[in-house]
Amino acid sequence: MMKKILFTFLTVCLALTVQAQDMTLEEVLENHFEVINQEKRSDINTLVYEGTMTQGIEIPVKLIIKRPGMVRMEGSVQGKVFVQAYDGNDGFMIMPNAAAPQDLSDEQKENMKDKASVDSELKTAQDKEFDMELMGTEDFEGSDVYLVKVTKDNGDATTYYIDAENYVILKARSKTTVQGQEVVGETYYSNYKEVDGMIFPHSFDYKNAEGQTMNQIMIETVTLDSEVSDEQFARPE
C-alpha cells in the first residue's frame, strides 16, 4: 500500500514538472498579463502611488508616472522636500536646501527610465524588444516560480520570479553596472490588491546582494488617470 501511495505521489510530481517544463515564455507572459489585467492597464495614461518609505525613519513618498515615459518621485524629510524627475529626456533632482536642481547621473537616469512605465515591467520589456528568456522553474520561499530573465540593450539584466500559481511577480533580481562595478539588488513584491479591476503590489522591499533590507515602501493609495501636468516632470527654471 505504501509503495502504491509513493508511486502515485511521484507520478503527480513528475506530471507537474513536465507541465512546468512545457510552459513557454509566451504562455507565462500571457498568464501574467491576464492576471494583472494588462489590457486595461494599457489604456491608463497616469498612475500615482502614495505611501511611506522606511529607511531608518518613515518618509512620506509619492510616485507619479505618465505616458510616454515620464516619472516623478517626491517626498519630505522633517518638512524638507526632495524630488527626482525624468521627462523622457532630461533628468534632475532637487535636494533639501540645495540652491538649484542638480543633474541626474547616467545610472540615475537609467533607474528613472525603468520606473517610468504605467505597464507591467515585463510588458515594457516586451514592447522594447529586450532579450527575454524563460530560465526554468525553482522553489522560492515555498512557492514554485518561473524565472524570466530580461536583458536590456546595455547589458543590464533582471530575473523575475513569477508565481507559478497566481502569475504575479514575487521578486526581481537585478544586475547593473554602476561606475564600472557590477551591482546586484533584489526587489520583493507583495500585498497585491485589486484597483479598478487591475492587480497592483502594495509592498516593496529592496535588498542588497547580501539580503540586507535597504528600504521598504508601503503603498497606501493607487490613483488612476488623474490630471497630471507635464510641467511636473520638467526642470524648474
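Applying the criterion of at least 3 residues that are open to solvent by 70 Å² or more (accessible area, probe 1.4 Å) and farther than 30 Å from Leu29 by Cα to the strands (runs of 3 or more DSSP E) found wholly in the range 44-161 leaves 57-66.
When Glu186, Glu231 are checked against the criterion of being of a type in the set (Asp, Glu) and open to solvent by less than 30 Å² (accessible area, probe 1.4 Å), a single residue qualifies: Glu186. Over 21 Å from Leu29 (Cβ atoms) and either surrounded by 14 or more Cβ atoms within 10 Å (Cβ to Cβ) or under 16 Å from the mean Cα position of the chain (by Cα) (or both): is that true of Phe204 in this structure? Here the answer is yes, as Phe204 does meet what is asked. Identify the residue in the range 10-43 that is part of a loop (DSSP other than H, G, I, E, B) and modelled with pLDDT of 95 or more and, among all such residues, is farthest from Lys123 (Cα to Cα). Here the residue is Thr24. Among the residues of the range 175-205, the one identified as closer than 23 Å to Leu104 by Cβ, of a type in the set (Ser, Thr, Tyr) and at pLDDT 95 or above is Thr187. Going through (1) more than 13 Å from the chain's Cα centre (by Cα); (2) within 18 Å of Tyr160 (Cβ to Cβ); (3) open to solvent by 60 Å² or more (accessible area, probe 1.4 Å) one by one, Asp196 falls short only on (2). Do we have Thr213 as open to solvent by less than 40 Å² (accessible area, probe 1.4 Å), free of Cβ contacts under 8 Å to residues at least 60 places away in the same chain and either in contact with a Lys or Arg (Cβ under 6 Å, 6 or more places away or on another chain) or within 25 Å of Phe33 (Cβ to Cβ) (or both) here? No; evaluated as a whole, the condition is false for this residue. For the range 122-138, enumerate the residues that are acidic (Asp, Glu) and either in contact with a Ser or Thr (Cβ under 6 Å, 6 or more places away or on another chain) or farther than 14 Å from Ser42 by Cβ (or both). Residues satisfying the conditions are Glu129, Asp131, Glu133, Glu138.
Listed by first and then second residue, the pairs linking a residue in the range 66-90 that is over 16 Å from Met53 (Cβ atoms) to a residue that is open to solvent by 40 Å² or more (accessible area, probe 1.4 Å) and of a type in the set (A, V, I, L, M), with Cβ atoms under 9 Å apart and 6 or more places separating them unless they lie on different chains, are Ala85/Ile94; Ala85/Ala234; Asp87/Ala234; Asp90/Ala234. Residues in the range 206-232 that are hydrophobic (A, V, I, L, M, F, W, C) and at pLDDT 95 or above: Ile217, Met218, Ile219, Val222, Leu224, Val228.
Which residue pairs have Cβ atoms under 7 Å apart, sit 6 or more places apart or on different chains, and have a first residue in the range 93-109 that is farther than 18 Å from Val178 by Cα and a second that is open to solvent by less than 50 Å² (accessible area, probe 1.4 Å) and part of a loop (DSSP other than H, G, I, E, B)? Partner pairs satisfying both residue conditions: Met93/Pro101; Met93/Leu104; Ile94/Pro101.
The values are calculated or read from the model by the stated rules, or taken from the named source; none is laboratory data. Treat the numbers as computed from the prediction; the structure is a model and nothing was measured. Heads up, the Cβs are rebuilt from the backbone with ideal geometry, glycines too, and the neighbour counts pull from every protein chain shown. These accessible areas exclude ligands, DNA and RNA; they are computed on the full protein's heavy atoms, side chains included. Shrake-Rupley method; radii C 1.70, N 1.55, O 1.52, S 1.80 Å.
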